[in-house]
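The numbers here are math on the coordinates, done by the rules we state, and not lab data. The shown structure was predicted, so the numbers you read here are calculated from the model rather than taken from an experiment. Here the Cβ positions follow ideal geometry from the backbone for every residue, glycine too, while neighbour counts run over all protein chains shown.
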Amino acid sequence: MTRILHFIDSLSAWSGKSFAWCIVILTFSTCYEVFMRYVLNAPTVWAFDMSVQMYGALFMMSGAYALSQDAHVRGDVIYRLLKIKTQAKIDLVLYALFLVPGALALIYYGYGFASDSWFYKEVSWSSPSRIQIYFFKTLIPISGVLVLLQGMAEMTRCVICIRTGAWPPRLHDVQETETMLMNEQEDLRRMEEEANQQEAGHV
């Protein structure tokens, strides 16, 4: 089971990191537009569409990756004080009630949007460049599939945690400094508790 969960984690990480390069394209295209507009007084007609599509692709395709790293925003003021099994039960219910239906809706309606867009060879009407956007709309159902797949993995983790009382390991990646410090504090607290238990046992 751990190998399957890690495979899904790695798939989410691959998609997120691959589309992270969109930020590089977005940065260069924006800088180019600023140079052309304010230095040469010759603004482009495609920069706006480019920025929208690159940012949209980055946003959609990084959802599963963020979920695999437990990086989504969480109101954990009370949550982090609860027992691990209780946390897993809450997560399982929320995944079932919100994430799964949301991902299914994204797949179903996204497929309809993408299919229509490909049929009409849809182009953007927000600028004179008329950039094709059916490629971009194809990412909507694909991102839904990735989020749903990662959601299934997270629900499986919740079930395992409820049964064993411990979260199964996940593939870790670069973390924010705050998260690293919190994990270090949690490890120190756990080590202190174990040391206190050992001392109590010797007494």
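Among Q87, Q69, Q185, the largest mean-square fluctuation in a Gaussian network model of the chain (Cα springs under 10 Å) belongs to Q185. The modelled label-to-label distance between A42 and L94, using points 7 Å beyond Cα along the C-beta direction, is 5.2 nm.
In terms of surrounding Cβ atoms within a 10 Å radius of their Cβ, C158, C22, C31 rank from fewest to most as C31, C22, C158.
Ranking I84, A71, A47 by how far each Cα lies toward the positive end of the dipole of the range 46-132 (charges on Cβ) leaves I84 at the top. Look at R157, R130 and count the other Cβ atoms within 10 Å of each Cβ; fewest to most, that gives R130, R157. Separation of the range 131-174 from the range 1-36 is 15 Å, based on Cα centroids. Of all complete DSSP H helices in the chain, those with a Cα span along the helix axis of 18 Å or greater and a mean Kyte-Doolittle hydropathy of -1.0 or more are 2-19, 22-38, 47-61, 100-120, 134-164. Note on the chain: GNM, Cα springs under 10 Å; of L92, L11, L82, the largest mean-square fluctuation is that of L82. The C-alpha atoms of the chain occupy a region whose extents along the principal axes are 81, 41, 30 Å, arranged from largest to smallest. Here's the list of aspartates and glutamates a cross-link from K137 could span, going by alpha-carbon distance under 14 Å and ignoring same-chain residues fewer than 8 apart: D49, D116, E122. Spin-label model, S126/W167: points 7 Å from Cα along the beta carbon direction are separated by 3.5 nm. For R74, R170, which order do you get if you count the other beta carbons within 10 Å of each Cβ and list the fewest first? Ordered from fewest to most neighbouring Cβ atoms within 10 Å, R74, R170 come out as R74, R170. Counting Lys and Arg as +1 and Asp and Glu as -1, each charge on the Cβ, what is the dipole of the chain about the Cα centre in debye, to the nearest 20? Dipole magnitude for the chain comes out near 660 debye.
Straight-line reach from K85: taking Cα to Cα under 21 Å and skipping same-chain neighbours fewer than 8 places apart, no lysines fall in range. Placing unit charges on the Cβ atoms of the charged side chains and taking the dipole of the chain about its Cα centre, the candidate lying farthest along the positive direction among T138, S115, S10 is S115. Expressed in units of 2.2 N^0.38 Å, where N is the residue count, the Cα radius of gyration of the range 50-137 is 1.51. Projected label points at T27 and W14, each 7 Å from Cα along the beta carbon direction, are separated by 2.6 nanometres. Using 0.36 nm per residue and subtracting the Cα-Cα separation, the extra length available between F135 and V159 on full extension is 4.9 nm.
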